[in-house]
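See below for the structure under consideration.
Just so it is clear, none of the values below were taken in a lab; they were calculated from the coordinates. Just so it is clear, the model here is predicted, and its values are computed rather than measured. Please note: Cβ atoms are built from the backbone with ideal geometry, for glycine as well, and neighbour counts cover all protein chains shown.
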Amino acid sequence: MVMALEEQIWEPEHEWRELSACAGADSDVFFPPGEDEAAAMQAKKICALCPVQEQCLQYALATNQTEGVWGGMSSGDRRRLRRRLRDRARRARAS
């Protein structure tokens, strides 16, 4: 479950990176040209097996990573997630 953006607590520690499934992998896999979802599938498959996928995604959201696959989500996926979280928060405030 991904926390709402307002609830994120991110500390600038990067130990999780050492445990990532992508450690040592070719960065081109995680930064495909453009927003080609087909090209991002290889990275997403690696992310699906990663023990620190959630930490990676939280890092990407907290630091507003706009390119590449992070935590199993492409840049487009993360934009849609941010939009859903923002809309959910807006509806909650309006209630």
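Compute the signed sum of charges (Lys and Arg +1, Asp and Glu -1) over the other residues within less than 10 Å, Cβ to Cβ, of residue 52.
In short, -2.
So, by mean Cβ neighbours within 10 angstrom, what's the order for 83-93, 20-30, 53-63 with the highest one leading? Write down the numbers at each step before the final one.
Working: 83-93: 11.1, 20-30: 13.6, 53-63: 18.7.
Result, highest mean Cβ count within 10 Å first: 53-63, 20-30, 83-93.
Can you tell me the dipole magnitude for the chain around its Cα centre, using point charges on the Cβ only (Lys, Arg +1; Asp, Glu -1), in Debye to the nearest 20?
Details: 14 positive and 15 negative charges, 162 e Å.
It comes to approximately 780 debye.
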